[in-house]
Amino acid sequence: MKKALVADALLVSLMVGLFVACRSACAIDAKPTDTALTPDVVKEIIKVETEIDRVEAQTIDRLAAPPENQVQQIELLGKAILYDKELSVNRNEACTFCHMPETGFTGPVSELNRMTGSYPGSIRTRYSERKPQTHAYAPLSPVLHYNPGQDDLVGGNFWDMRATGRRLGNPAAEQAEGPPTNPVEMGLPDIACAVYRASQRPYRDLFQKIWGAQAFAIMWPDDVEQVCSRPGPPPASDSKPVHLNDFDRGRAGVTFDQMAQSIAGYEASAEVTPFTSKFDAVMAGKAQFTPDEQAGYALFRGKANCNSCHRDGGPGEDPLFTDFTASNIGVPANPQLPYYSEDQPDALNYLANPEGRSFIDGGVGSFLVKGHPLSEPSVPDARWVPLAPKNVGRFQVPTLRNVDKRPSPDFVKAYGHNGYFKSLKEIVHFYNTRDVLPRCGPNNAGEGVTCWSAPESTVNLNTKTVGRLGLTEVEENQLVNFMQTLTDGYVSRD
């Protein structure tokens with residue numbers, strides 16, 4: 001009881017502090033992007049879905065003669081699952097809809113990146129509150145842990161670190177368990193639905209070869225098709241609407257874990273995490289930086305202080321360009337997020353965002369105290385609740401690998417946890433001038449150039465490495481030049 005009261009008190013102080021610190025920044029005056037898809041977005045989505053179908057067909061063809069090596073079998077299985085849109089409630093959205101290789105395994109729809117930054121789910125009028133992170137290099141994140149020497153949490157997956165890896169020993173696997181039952185993503189009402197759908201797919205035999213014949217030996221109820229076609233979330237009175245006996249429920253849970261572990265195996269493969277950038281070639285003595293790239297690298301490690309969080313490696317480190325901690329860099333609220341408009345029940349009576357335009361993303365701090373309202377693949381460790389106040393407003397430091405990978409020069413990528421920034425140059429300019437330029441409101445003509453909107457949250461604001469770097473425009477451009485050398489595909493692994 002005492003622990004519960006302490007947690008409740010922390011939650012109250014956390015939310016009050018967050019509101020007080022953010023009240024000026026969080027008044028979302030600009031109209032959020034409509035949840036209806038525009039013709040340009042639909043056109044791009046069709047193109048992405050066609051590519052997903054093409055890759056899935058190629059992957060299914062490989063199932064006829066799978067590799068002999070089990071590691072490679074797991075990679076093939078994980079790829080087949082990742083590209084399978086049948087695992088969404090409306091059978092229309094694969095995991096890769098938000099994570100395609102041509103953009104470094106993040107959002108592949110330029111117009112969505114430009115208009116909002118977040119992506120629609122299987123139910124196309126539901127959007128999340130954040131932009132998709134990259135899958136590449138995600139399996140190399142450590143299991144979330146507290147480092148008392150740093151006085152910091154380190155590791156996990158997702159912007160708020162909620163895929164901790166504590167249960168499966170693999171944050172990327174636990175991350176893969178979030179989207180299938182997230183109502184604003186793939187939208188299934190029960191993890192058992194993902195297992196049932198997988199049992200009917202062409203990769204069933206390979207799955208059983210790897211994980212055992214028992215994987216799908218489940219007595220499915222007669223109404224399983226009907227139940228799994230009903231979008232989540234399930235009613236509170238029936239939180240596991242696929243009604244299984246205890247034995248089959250346990251088996252479904254294990255198989256779901258194995259699906260996620262297979263996905264993580266593919267994400268760890270050389271196809272997704274290859275270390276084939278120009279930077280890697282330079283480090284191996286097989287290429288040379290241009291003068292501007294070299295100058296940018298010197299700034300990265302020196303005056304710009306990027307390397308303090310986006311680590312380029314050291315003794316015993318791979319150059320992953322993240323330290324796996326979290327930071328509040330002061331990103332403004334993104335008024336274009338459709339999530340702000342999801343404050344009324346939809347046609348299925350689902351309410352995604354009860355707070356409406358007053359919603360404030362508390363990041364890691366919110367996860368530690370109250371979990372995540374849409375998707376919680378890992379239960380927070382109750383012993384970390386006291387760390388919540390110092391983690392409010394903080395988000396995981398993303399890897400910079402493939403930070404500018406895109407299919408064409410005019411393709412728009414979004415940056416920041418909410419997709420507020422629309423170019424690499426813009427977010428570099430923000431790091432440099434956040435505390436130098438004056439404040440202005442959303443949609444001001446000078447926003448992002450001569451002024452900035454207020455941070456979404458000023459709690460735990462990073463003022464040590466962000467805000468006043470003293471870089472010239474030439475130096476900003478040189479930093480961009482260097483970070484463009486982190487795009488994979490410069491050299492081949494073959």
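Taking only protein heavy atoms and a 1.4 Å probe, what accessible area per residue, in Å², does the range 390-494 have with all protein chains in place?
Working: 4480 Å² over 105 residues.
Spelled out: the 1.4 Å probe surface of the range 390-494, per residue, equals 43 Å².
Show me, for the range 184-197, the HN-Hα J-couplings you get by feeding each phi into the Karplus relation (A = 6.51, B = -1.76, C = 1.60, θ = phi - 60°), rounded to Hz, glycine and proline as x.
9, 10, 7, x, 5, x, 7, 4, 4, 5, 4, 5, 4, 4
Under 1.5 on a/c is rounded, so check that first for the range 101-187, then, if it is not, pick prolate when a/b is larger than b/c and oblate when it is not; a ≥ b ≥ c are the square roots of the alpha carbon gyration tensor eigenvalues.
Verdict is prolate for the range 101-187.
Could you tally the net charge around residue 482, taking each other residue with its Cβ under 13 Å from the Cβ of residue 482, Lys/Arg +1 and Asp/Glu -1? Walk me through the numbers on the way to the answer.
Numbers: positive: 278, 301, 303, 401, 425; negative: 292, 293, 312, 404, 475, 476.
Residues close to residue 482 contribute a combined charge of -1.
How much accessible area per residue does the range 68-227 have, in Å², with a 1.4 Å probe? Working shown, then result.
On the way: 4940 Å² over 160 residues.
Accessible area per residue: 31 Å².
Check residue 421: other-chain or 5+ apart residues with amide H under 5 Å from its amide H, H built from backbone geometry?
415
What list of ³J(HN,Hα) values in whole Hz, one per residue of the range 198-212 in order, does the Karplus curve 6.51 cos²θ - 1.76 cosθ + 1.60 (θ = phi - 60°) give from phi, with Gly and Pro shown as x?
4, 5, 9, 9, x, 8, 4, 4, 5, 4, 5, 5, 7, 9, x
Project the alpha carbons of the range 432-487 onto their principal axes and report the range along each, largest first, in whole Å.
Over the range 432-487, Cα extents along the principal axes are 33, 29, 23 Å.
In terms of Cα to Cα distance under 27 Å, which lysines are near enough to residue 240, apart from those fewer than 8 places away along the same chain?
Partners within reach: 85, 370.
Using a/c under 1.5 as the rounded threshold, could you call the range 57-206 rounded, prolate or oblate? The axes a ≥ b ≥ c are square roots of the C-alpha gyration tensor eigenvalues, and prolate needs a/b larger than b/c, oblate otherwise.
Oblate is the answer for the range 57-206, as a/c is 1.5 or above yet b/c matches or exceeds a/b.
What is the chain's relative contact order, in percent, from Cα pairs under 8 angstrom and six or more apart in sequence?
Values: 976 pairs, mean separation 108.7, N = 494.
Normalised by residue count, the contact order of the chain is 22 percent.
Show me, for the range 106-118, the HN-Hα J-couplings you get by feeding each phi into the Karplus relation (A = 6.51, B = -1.76, C = 1.60, θ = phi - 60°), rounded to Hz, glycine and proline as x.
Ordered by residue, 3J(HN,Hα) equals 10, x, x, 10, 4, 5, 5, 4, 6, 6, 9, x, 9 Hz.
So for the range 305-448, averaging the separation of alpha carbon pairs under 8 Å that are six or more residues apart and normalising by length, what relative contact order in percent results?
On the way: 164 pairs, mean separation 33.3, N = 144.
That works out to 23 percent.
Counting only protein heavy atoms and a 1.4 Å probe, tell me what percentage of the chain's accessible area is made up of carbon and sulfur.
Carbon and sulfur atoms account for 54 percent of the accessible area of the chain.
If the cut-off is 20 Å between C-alpha atoms, which lysines fall inside it for residue 79, apart from same-chain ones fewer than 8 positions away?
Answer for residue 79, where 20 Å is the Cα cut-off: 47, 209, listed by chain and number.
Could you report the range 246-352's accessible area per residue, 1.4 Å probe, as an integer in Å²? List each step's numbers first, then the result.
Working: 4310 Å² over 107 residues.
The answer is 40 Å² per residue.
Given charges of +1 on the Cβ of Lys and Arg and -1 on the Cβ of Asp and Glu, with all other atoms neutral, how large is the dipole of the range 179-243 about its Cα centre, in debye to the nearest 20? Walk me through the numbers before you get to the answer.
On the way: 6 positive and 7 negative charges, 51 e Å.
Value, rounded to 20: 240 debye.
Please label the shape of the range 365-494 as rounded, prolate or oblate, based on the square roots a ≥ b ≥ c of the eigenvalues of the alpha-carbon gyration tensor (a/c under 1.5 means rounded; beyond that, a/b larger than b/c means prolate, else oblate).
Values: a/c = 2.02, a/b = 1.24, b/c = 1.63.
Oblate, since a/c reaches 1.5 and b/c is not below a/b.
Would you compute, from DSSP H runs of 4+ residues alone, the mean residue ellipticity of the chain at 222 nm, taking -39500 (n - 2.57) per run and dividing by the full residue count, rounded to the nearest 500? Don't skip to the answer; put the middle values down first.
Working: 14 runs with 160 residues, N = 494.
Value at 222 nm, helices only, nearest 500: -10000 deg cm²/dmol.
The values are calculated or read from the model by the stated rules, or taken from the named source; none is laboratory data. The model shown is predicted, which means the values in this text are computed figures rather than measured ones. Cβ sites come from the backbone with ideal geometry, for glycine too, and all protein chains shown count toward neighbours. What goes into the accessible areas is simple: the full protein's heavy atoms, side chains included, and nothing from ligands, DNA or RNA. Shrake-Rupley method; radii C 1.70, N 1.55, O 1.52, S 1.80 Å.
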